[in-house]
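The values are calculated or read from the model by the stated rules, or taken from the named source; none is laboratory data. Quick caveat: nothing in here was measured; it's all calculated off a predicted structure. Reconstructed Cβ throughout: ideal geometry from the backbone, glycine too, with neighbour counts over all protein chains shown. Areas reflect the complete protein model, heavy atoms only, side chains present, ligands, DNA and RNA absent. Shrake-Rupley method; radii C 1.70, N 1.55, O 1.52, S 1.80 Å.
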Amino acid sequence: MTKPIALVTGGAQGIGFACAQALVRDGARVVLADIKADKVAESARELGPDNVGLVVDMSRSDEVDGMFAQIEREFGPVSVLVNNAGIALPGDFLQTSLEDFERVISVNLVAVFQATQRAAQTMVAHELRGAIVNISSINAVLAIPAISAYCASKGGVMQLTKSASLALAPHGIRVNAVGPGSIDTEMMAGINANPAALETALSRTPLKRLGEPREIAETVAFLVSDKASYITGETIYVDGGRLGLNYTC
């Protein structure tokens, strides 16, 4: 039986790599796409010989198109897509440059649109009832002043997920999102190194701990599986209860 082809963007480490590991365990052949050349190659080797890593800057539309063309040429059509690549570029709102704002939007939102559209076109052409999962964030609905572009981009991902799910439902393609809370990844390294900042993060997390990348990955694996065959257009927040909390103590 031919293994399904799963593409994970931003897959060299953290949540993306955990998603790749979960998909491999479920029988997929995984293509990792990441801007970090050495790391993506190393991570692909760790996944095993059937899996590959491609160096891609998701902010460049030509590289995204080239990535899909290469995957289809060398491996076959993508039937599972995990849009995980993302950046934050935190800074003072009054001092944030338009260039930085546009960079975040290009990676976190425009690339998600392009990859979703491109993957869906291939799925429709090959009559594949595929699944797409976008990595959103609790910051799709909760704002932080120092990451305004990130918040805007994730709000966009939430709505893009809904609209794409409606557009692609007639083709049997499901589109969902996962919204992580505070997860123990490289993006949290600065907070982890600062006891006061970590205490603040945990004060707004009812489960009183950081999440682990595997906990996001297992949710993604569920959403692309037949177990979630009647779920589309949804964002599942994996946040330790944070969205339900209206105060900190």
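For the chain, the number of Lys pairs separated by eight or more positions or lying on different chains, with C-alpha atoms closer than 29 Å, is 10.
Applying a DSSP loop filter and a limit of 15 other Cβ atoms within 10 Å to the trypsin sites (Lys or Arg not before Pro) in region 196-242 leaves Lys208, Arg209. Relative to the first principal axis of the alpha-carbon coordinates of the chain, what is the inclination of helix 37-47, with its axis defined by its Cα atoms, in degrees from 0 to 90 and to the nearest 10? Compared with the principal axis, the helix lies near 70 degrees. In the chain, the C-alpha radius of gyration followed by the widest Cα-Cα span (Dmax) gives 17.4, 56 angstrom. The Rg/Rh ratio for region 23-74 is 0.98, where Rg is the radius of gyration of the alpha carbons and Rh is the Kirkwood radius.
What fraction of the Cα pairs in region 124-191, stated in percent, has a spacing above 20 angstrom? Roughly 40 percent, rounded to a whole number.
Within the chain, the longest segment free of exposed loop sites, counting chymotrypsin sites (Phe, Trp or Tyr not before Pro) that fall outside DSSP classes H, G, I, E and B and have at most 11 other Cβ atoms within 10 Å, spans 1-229. Relative to the compact-globule estimate of 2.2 N^0.38 Å, the Cα radius of gyration of region 160-249 comes out at 1.31. Along region 22-36 the Karplus relation, 6.51 cos²θ - 1.76 cosθ + 1.60 evaluated at θ = phi - 60°, assigns HN-Hα couplings of 5, 5, 4, 4, 8, x, 8, 9, 9, 10, 8, 10, 7, 7, 8 Hz to successive residues, with x for each Gly and Pro. Put a plus charge on the Cβ of each Lys and Arg, a minus charge on the Cβ of each Asp and Glu, and nothing anywhere else: the dipole of region 189-249 about its Cα centre is then about 200 debye. Taking all protein chains in place and a 1.4 Å probe, what share, in percent, of the accessible surface of region 64-138 do carbon and sulfur account for? Carbon and sulfur together cover 55 percent of it. Here's how it looks for Asn134: its modeled amide H is under 5 Å from those of Asn83, Asn176, Ala177, Val178, which are all 5 or more places away or on a different chain.
Beta bridges assigned by DSSP with both partners in region 59-192 are antiparallel in approximately 0 percent of cases. Computed 3J(HN,Hα) for region 219-235, one whole-Hz value per residue from the Karplus formula 6.51 cos²θ - 1.76 cosθ + 1.60 where θ = phi - 60°, is 5, 4, 4, 4, 5, 8, 8, 5, 5, 10, 5, 10, 10, 8, x, 9, 10, glycine and proline marked x. When the inverse distances between all different Cα atoms of region 1-107 are averaged and flipped, the Kirkwood radius reads 14.4 angstrom. Helical content alone sets the calculated 222 nm signal of the chain at -13000 deg cm²/dmol, taking -39,500 (n - 2.57) per DSSP H segment of four or more residues and averaging over every residue. For region 1-52, dividing the convex hull volume of the Cα atoms by the residue count gives 58 Å³ per residue.
3J(HN,Hα) along region 191-204, derived from phi through the Karplus expression 6.51 cos²θ - 1.76 cosθ + 1.60 where θ = phi - 60°, amounts to 5, 4, 7, 10, x, 5, 5, 5, 4, 5, 4, 6, 5, 9 Hz, with x in place of Gly and Pro. In the context of the full set of protein chains, region 99-201 has a per residue accessible area of 44 Å² (1.4 Å probe).
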